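None of the figures in this text is laboratory data; all of them are computed from the coordinates on show. Being a predicted model, the structure only gives us computed values, none of them experimental. In this analysis, Cβ positions are derived from the backbone assuming ideal geometry, glycine residues included, and neighbour counts consider all displayed protein chains.
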Amino acid sequence: MVCLETIQVILSIVPATKLKMHQMDVKGAYLNGVLKEKVCMRQPDSFDDSTDQVCCLQKTLYGLKQSGCEWNKELDQRLKEKGFENLRSDPCAYIRRRDDSLEIVTVWVDNLLLFASINRVMINLKGELSSTFDVTSARHG
């Protein structure tokens, strides 16, 4: 999770740099991780078909101890594929510089706080993330 100090520093430069700010929530974030190990479970009581079959999971579920870590790995990989780099001071803050623009993405579990120097860049960033994950979005400034 992004450090509070990182958010404070970014927010302190927003007025001077006129960064645009948006918030996005990734729906079902913990369902995006791919399990690297074998995890099996009994059918939930509400799904019991009286066969006593065991399900072997391929993707993470809420409640698995691996889910948060696997979601973070998936998000990290996707952001890096899009040209973002982690800040050295905070691995949950990502930055991408292109030509005349700056983009910052901070991560708090399944919530993303986005910053961009230009409106069209923010629109493109939100589009990139929306095409990668199922997200909800709220404009903040």
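Remarks
- Reachable aspartates and glutamates, given that their alpha-carbon falls under 18 Å from the alpha-carbon of Lys20 and they are not under 8 places away in the same chain: Asp99, Asp100, Glu103, Glu128
- Dividing the mean sequence gap of close Cα pairs (under 8 Å, 6+ apart) by how many residues the chain holds gives a relative contact order of 35 percent.
- Alpha-carbon centroids, segment 91-141 and segment 35-70: separation in whole Å: 32 Å
- P(r) weight above 18 Å for segment 1-89, C-alpha pairs, percent: 63 percent
- Put simply, segment 87-141 fits an ellipsoid with semi-axes of 16, 16, 10 Å; these come from the alpha carbon gyration tensor as the roots of five times its eigenvalues, largest first.
- Cα-based convex hull volume of segment 43-141 per residue, rounded to whole Å³: 136 Å³
- A cut-off of 5 Å between modelled amide H atoms, ignoring neighbours fewer than 5 places along the same chain, links Leu112 with Met24, Asp25, Val26.
- ³J(HN,Hα) computed for each position of segment 38-47 - Karplus, 6.51 cos²θ - 1.76 cosθ + 1.60, integer Hz, glycine/proline x: 7, 10, 10, 8, 6, 5, x, 3, 6, 10
- Loop sites in segment 42-141: chymotrypsin sites (Phe, Trp or Tyr not before Pro), DSSP, at most 11 other Cβ within 10 Å: Tyr62
- Listed by chain and number, the lysines placed with their C-alpha closer than 22 angstrom to that of Lys18 are Lys126; residues fewer than eight positions away on the same chain are left out.
- Trypsin sites (Lys or Arg not before Pro) within segment 31-65, DSSP loop, no more than 10 other Cβ atoms inside 10 Å: Lys65
- Near-label residues of segment 57-86 by backbone N, under 16 Å of a point 7 Å along Cα→Cβ of Gln43: 57
- Hz values of 3J(HN,Hα) by residue in segment 102-114 - Karplus curve (6.51, -1.76, 1.60), Gly and Pro given as x: 10, 10, 10, 10, 10, 10, 10, 6, 10, 10, 10, 10, 10
- Each residue, Gln53 and Arg78, gets one label point 7 Å from its Cα in the Cβ direction; the gap between the two is 2.9 nm.
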